[in-house]
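Every read-out reported here was derived from the displayed coordinates using simple, explicitly stated rules and does not represent laboratory data. A quick note: this is a predicted structure, and the numbers were derived from the prediction, not measured. Cβ: placed from backbone, ideal geometry, glycine included. Neighbour counts: every protein chain shown.
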Amino acid sequence: MSYCALAMKTAAVIIFPGSNCDRDAVHALSTIFSMQVQEHWHDDPIEKNYDLIVIPGGFSYGDYLRAGAMAKVSPAVQSIRACLERGSKVLGICNGFQILTEAGYLPGALTKNEDTRFHCHDVYLRCENDQTPWTRHLPLGQVLRMPIAHAEGRYMIDAEGAKKLKEKKQIALRYCNAEGEIDSQSNPNGSMENIAGVFDESFQVLGLMPHPERCCEALLGNEDGKAFFSFLNS
């Protein structure tokens, strides 16, 4: 199946002081998916209509205070609500996921890894919902391999929030082993119930700790990340 966009679509990649994965996102979207990409500085609200807004990985504001705690008040992030009303989809990767939870676009919080160490390696992930724009080309239970690179990737949410996530099928991915089994050995950061990514209730917003933009090319030895850009074909 080809993942090339059928028509020119547009994307904005928000860049903060400390972003370090913005070029990865721009390259993947423009080169692999033939999107028209705008690099958007965080100080300016997003006023144009974009098909996709990406908050990339990195260490916005050096992760001072708490990862994403300062970036959440930037004009660009604050303007995302209006972008969602205009129909944009929003993808937060790693630090972007942290920012989206801090800003209230996604439920829960990302905290320090259980072992307090920085993890930078590939992990296996299992698709938990195949009925969303992001995952419609992924069979339920499909196992993917993607890289992670974080020190604050431990997903936490209270009991009521966890119940709601399950009822509304907002869990996108769980850490698993190569056979798709969910176990503690496969959980790199101690995330609650091995959660690696979640949706908002509308499924317009997706937050992931793994980096799909870093595994979209055969040149890199892995193309599993392409699946999360499947909506570009519509």
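Here the dipole of the chain is about 300 debye; that uses its Cα centre as origin and unit charges on the Cβ of Lys and Arg (positive) and Asp and Glu (negative).
Can you classify the stretch 183-223 as rounded, prolate or oblate using the Cα gyration tensor, where a ≥ b ≥ c are the square roots of its eigenvalues, rounded means a/c under 1.5, and otherwise it's prolate if a/b beats b/c and oblate if not? It comes out oblate by the Cα gyration axes. Between the alpha-carbon centers of the stretch 86-163 and the stretch 169-222, tell me the distance in whole angstrom. Taking the Cα centre of each part, the stretch 86-163 and the stretch 169-222 sit 6 Å apart.
Applying 0.36 nm per residue to the separation of CYS120 and GLU193 and subtracting their alpha-carbon distance, the gain on full extension is 24.2 nm. Normalised radius of gyration (Cα atoms, divided by 2.2 N^0.38 Å) for the stretch 49-98: 1.15. Backbone phi angles across the stretch 185-190, fed through the Karplus curve with coefficients 6.51, -1.76 and 1.60 (θ = phi - 60°), yield HN-Hα couplings of 5, 8, 8, x, 10, x Hz in residue order; Gly and Pro are listed as x.
For the stretch 82-87, backbone phi angles converted through the Karplus equation (6.51, -1.76, 1.60; θ = phi - 60°) give residue-by-residue couplings of 5, 5, 5, 5, 8, x Hz, Gly and Pro being listed as x.
Between HIS40 and VAL13, ILE14, ILE15, the built amide H atoms are under 5 Å apart, and every one of these is 5 or more places off in sequence or on another chain.
Just checking the listed ones, CYS120, CYS215, CYS94: in the Gaussian network model of the chain with Cα springs under 10 Å, the one fluctuating most is CYS120. Using only the C-alpha atoms, the convex hull of the stretch 84-211 corresponds to 98 Å³ per residue. Site pair LYS163 and ASP43 shows an inter-label distance of 4.7 nm when each label is modelled 7 Å from Cα along Cα→Cβ. For ASN222, the residues 5 or more places off, or on other chains, whose built amide H falls under 5 Å of its own are GLU217. With Cα atoms as the point set, the stretch 145-234 shows a radius of gyration and Dmax of 13.8, 43 Å. For ASP122, the amide hydrogen comes within under 5 Å of the amide hydrogens of ILE148, counting only partners 5 or more places away or on other chains and with H modelled in the peptide plane. Take every Cα pair under 8 Å whose residues are at least 6 apart in sequence, average their separation, divide by the length of the stretch 102-228, and the relative contact order is 29 percent. In order along the stretch 105-118, the phi-based Karplus estimate (6.51 cos²θ - 1.76 cosθ + 1.60, θ = phi - 60°) of 3J(HN,Hα) comes to 7, 10, x, x, 8, 9, 10, 4, 3, 4, 8, 6, 9, 7 Hz; Gly and Pro are listed as x.
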